[in-house]
Amino acid sequence: MITTRKKTNLISLLLVAAMLALVIVLDQVIQPTDSMSMLLKVLQKGSIYALAAVSMNLLNGFTGLFSLGHAGFMLIGAYTYAILTIPSEVRDVVYQYYDAAIRLSFPETLGNAMGPVGTLLGVVLAIVAAGLAATLVAWLIGLPVLRLKSDYLAIATLGFAEVVRAVFQWGKLGPVTNGSNPLKSFVRINSFQLKLGGTTISLTTFVPVLLATVCIALIVLLVNSTYGRSFKAIRDDEVAAEAMGINLARHKIMSFCISSFFAGVSGAGMAMVLGIAQASNFKSAMTYEILLMVVLGGIGSISGSCIGAMLFIAASEWWLRGLDSGNFLGINAPGIFRNGFRLVVFSVIIMIVVLFFRKGIMGDRELPDLFKKRARKEAAGK
Amino acid sequence: MDLMNTVLPYLLSGISVGGQYALIAIGYTMVYGILRLINFAHGDVFMVAGLIMVYLSASMPLYLAVPLMIALTVLLGFLIERAAYKPLRTAPRMSVMISAIGVSYLLQNLALYITGGLNKNYPTIPWISDPITVFGSPTKRVTLITPFLTVALVIVLVWLINHTRVGMAMRAVSRDFETAQLMGIRINNVISVTFVIGSFLAAVGSMLYFSNYPGVVPTSGGMPGLKAFVAAVFGGIGSIPGAVVGAFIIGICENIIKGLDIILQAVGVLKEPLELATFSDAFTFALLIIVLVFKPTGLFGEKTTDKV
């Protein structure tokens with residue numbers, strides 16, 4: 001038993017490494033003008049959304065706390081990251097109407113001290129800071145809010161996200177958040193390049209994929225630990241879980257904080273991918289979209305959330321593009337296939353999933369489970 | 001007196017908006033009372049009612065457009081329930097809520113497709129859009145009508161619930177879903193009636209609401225919908241008078257905050273503006289969190305006990 005598990009772990013590790021290597025190769029092979037360049041865009045955005053979806057799944061699917069405050073935590077993460085990585089020479093241009101209050105750029109300060117390694121370390125620190133900022137706020141809001149039950153919790157967290165958005169847009173906080181103007185010119189994903197001798201290796205797609213992979217791997221480890229089992233116990237039956245000696249309040253707030261940490265990190269990733277951080281982008285519609293990704297992949301399945309997010313982004317940004325521009329699958333009907341039709345088709349597909357395939361793509365299984373079942377069937381067949 | 005003149009316009013529009021929120025909030029609170037479902041799509045039904053009115057009034061006179069708009073909105077509410085919520089009646093509550101979010105996403109995208117994302121000018125309805133002056137502050141007649149119309153509709157509704165057969169059935173279903181079913185109440189009919197009433201009030205509300213605003217966009221329904229829901233929770237979800245009181249409180253507070261900078265300056269508390277108007281939306285939600293934490297059942301909410 002233990003050996004098979006070790007084997008599965010080893011195989012998954014190898015597969016992940018192969019995937020990361022493939023991403024680097026794709027990054028070099030595909031040119032920006034290529035028709036396949038959409039694949040890279042989908043990988044960049046999709047991996048960040050996958051992280052956001054997995055972190056929401058940790059809370060909604062594994063702990064059974066139906067929270068809709070994700071956009072709020074992502075906003076906090078995005079802003080924290082952006083503020084901490086804006087280089088000093090462009091800071092005054094970004095904060096054109098205000099006198100910037102935070103005059104610290106992690107990558108710059110550390111880069112001056114330690115060279116390129118320092119710059120990288122600064123970016124990592126800024127990402128961690130983004131997660132921690134979201135965690136801190138989650139802890140504060142979680143103390144009162146987590147006492148609420150299902151739909152009340154959903155609506156309170158939804159409201160919280162709106163409050164956060166208003167606070168970040170407040171003119172009086174302009175010196176920190178730039179008011180309702182966007183933050184930009186900070187370290188983006190296309191700032192990452194590896195210079196080996198004479199050749200330059202672009203890491204534009206690799207960075208967000210790596211970020212998401214590392215974080216999702218951490219979440220997988222958490223879910224498989226005793227804490228993860230406690231979360232699932234709380235989801236399945238609170239009263240029984242408490243009777244078995246699980247401290248409900250502690251585990252709930254822990255799950256809420258951890259989920260928010262990764263939401264904050266995904267917010268930072270989002271800022272890196274888009275190259276812009278603006279409060280008005282993080283509306284409740286974003287939370288709904290992430291929730292729909294989770295549902296699409298299957299509530300309670302981490303690999304499901306990743307697949308759901310990738311499919312969601314690929315379908316809405318790439319495959320269904322033709323529905324907006326008049327030509328789809330060889331059918332030419334500019335009258336019907338005009339702007340916005342893609343999203344209509346897409347939401348109809350989602351409604352079909354929600355109504356008729358309630359378990360989503362994966363249900364509550366993970367990818368390795370599928371192979372296991374097949375292996376067992378084959379063994380039984382023999 | 002000077003203060004009065006500063007506050008009055010905000011107070012007036014607060015009462016007006018409050019009445020409009022109340023009409024939407026009733027839809028939320030009735031559905032929640034019976035199905036224990038936050039009908040996230042209700043705000044979008046309200047928006048669609050606005051769009052239907054825009055398109056209808058372009059091709060027919062108002063006395064035809066208004067009843068037809070109300071009829072179509074009611075039909076939409078009915079169809080949403082039949083298509084998206086009825087198949088999930090035995091599913092966990094979370095699935096139904098997700099379905100509601102899906103419907104909301106669909107309606108918004110559909111509206112985006114049809115309007116092309118452009119602002120659609122709401123037709124001017126004669127008489128109710130006429131400008132009038134109340135105690136020296138100029139406003140539209142709709143501002144004055146809204147609270148009275150709201151209260152009148154609520155009285156009719158409460159009478160309907162307390163004194164008719166279908167009202168009795170609704171009360172029974174909201175008390176105990178399964179027992180009501182065992183007593184021979186046709187659950188599906190009762191639920192449909194609830195959605196019909198909710199959509200009817202949302203249609204009336206949208207007419208009053210959009211008369212005060214320049215136009216309708218696909219996201220117009222989101223904020224009023226959420227706020228009306230907050231109002232329903234604030235007043236105690238499941239209680240119609242509670243929803244109305246909550247809606248008026250939220251409408252008034254929100255508008256006072258919009259003008260708080262000016263009011264405080266008039267009083268002399270503030271020397272320079274603090275840009276507090278940014279928080280007019282956020283205030284509603286802060287209030288919600290506070291209410292939920294201290295009195296989770298709201299002002300007039302029924303006590304619920306958890307069964308193991």
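The values are calculated or read from the model by the stated rules, or taken from the named source; none is laboratory data. Everything numeric here is computed off the predicted structure, so don't read it as measured data. All Cβ positions, glycine included, derive from the backbone under ideal geometry; neighbour counts span all protein chains shown. Just so you know, the surface numbers come from the protein's heavy atoms only, side chains and all, with ligands and any DNA or RNA stripped out. Shrake-Rupley method; radii C 1.70, N 1.55, O 1.52, S 1.80 Å.
Couplings 3J(HN,Hα) for region B:209-215, derived from phi with the Karplus relation 6.51 cos²θ - 1.76 cosθ + 1.60 (θ = phi - 60°), are 5, 6, 4, 8, 10, x, x Hz, where x marks Gly and Pro.
For chain B, the percent of C-alpha pairs falling in each 20 Å distance bin, counted from 0 to the bin holding the largest distance, reads 32, 57, 11, 0. When a 1.4 Å probe is rolled over the protein heavy atoms, the share of accessible surface on region B:2-294 that falls to carbon and sulfur comes to 69 percent. For region A:128-133, 3J(HN,Hα) computed residue by residue from phi via the Karplus equation (6.51, -1.76, 1.60; θ = phi - 60°) reads 4, 4, 4, x, 5, 4 Hz, glycine and proline entered as x. For chain A, the Cα gyration tensor yields ellipsoid semi-axes of 32, 28, 24 Å (square root of five times each eigenvalue, largest first, whole Å). Label point 7 Å out from A:Met244 along Cα-to-Cβ: which residues of region A:37-61 have amide N under 19 Å? A:58-61, by backbone N distance to the label point.
Accessible area buried by the pairing of B and A, both sides summed with a 1.4 Å probe, works out to roughly 4100 Å². Projection of the Cα convex hull of region B:153-264, averaged over all directions and equal to a quarter of that hull's surface, yields 8.8 nm².
The amide H of A:Ile276, built 1.01 Å from its N in the peptide plane, has no neighbour under 5 Å, considering only residues 5 or more places off or on other chains. Modelled spin-label separation between A:Leu173 and A:Ser191, with each label point placed 7 Å from Cα along the Cα-to-Cβ direction: 2.3 nm. Averaged over the residues of peptide B:106-119, the number of Cβ atoms from other protein chains lying within 10 Å of each residue's Cβ is 4. Mean partner shielding of peptide A:155-168, defined as the number of other chain Cβ atoms within 10 Å of each residue Cβ, is 6. Per-residue mean of foreign Cβ neighbours for B:226-235 is 2 (Cβ atoms of other chains, 10 Å radius). Exposure check, 1.4 Å probe, all protein chains in place: A:Lys359 carries approximately 150 Å² of accessible surface.
Rounded to the nearest whole Å², what accessible area per residue is found for the protein assembly as shown with the 1.4 Å probe? Intermediate results must be reported in sequence, preceding the final value.
Working: 31140 Å² over 690 residues.
Roughly 45 Å² per residue, with all protein chains present.
Protection proxy ranking of A:231-242, A:205-216, B:99-110, by the mean of other Cβ atoms within 10 Å over each peptide's residues and highest first, is B:99-110, A:205-216, A:231-242.
Using the Cβ-Cβ distance between B:Leu182 and B:Arg36 with R0 set to 22 Å, the FRET efficiency from 1/(1 + (r/R0)^6) comes to roughly 0.75.
Pairs of Cα atoms under 8 Å, at least six residues apart: use those to get the relative contact order of region B:2-294, whole percent.
With pairs under 8 Å counted, the relative contact order is 37 percent.
In order along region A:219-233, phi translates into HN-Hα couplings of 5, 4, 4, 4, 5, 7, 8, 4, 4, x, 5, 5, 4, 5, 4 Hz, rounded to whole numbers, per the Karplus curve 6.51 cos²θ - 1.76 cosθ + 1.60 with θ = phi - 60° and x for Gly and Pro.
Straightening the chain between B:Asp130 and B:Val151 buys 5.4 nm, computed as 0.36 nm per residue apart minus the Cα-Cα spacing. The mean of 1/r over all distinct Cα pairs in the protein assembly as shown, once inverted, gives the Kirkwood hydrodynamic radius of 27.1 Å. Amide hydrogen proximity for B:Gly215: with H placed 1.01 Å from N in the peptide plane, the residues at 5 or more positions away or on another chain lying under 5 Å are B:Tyr122.
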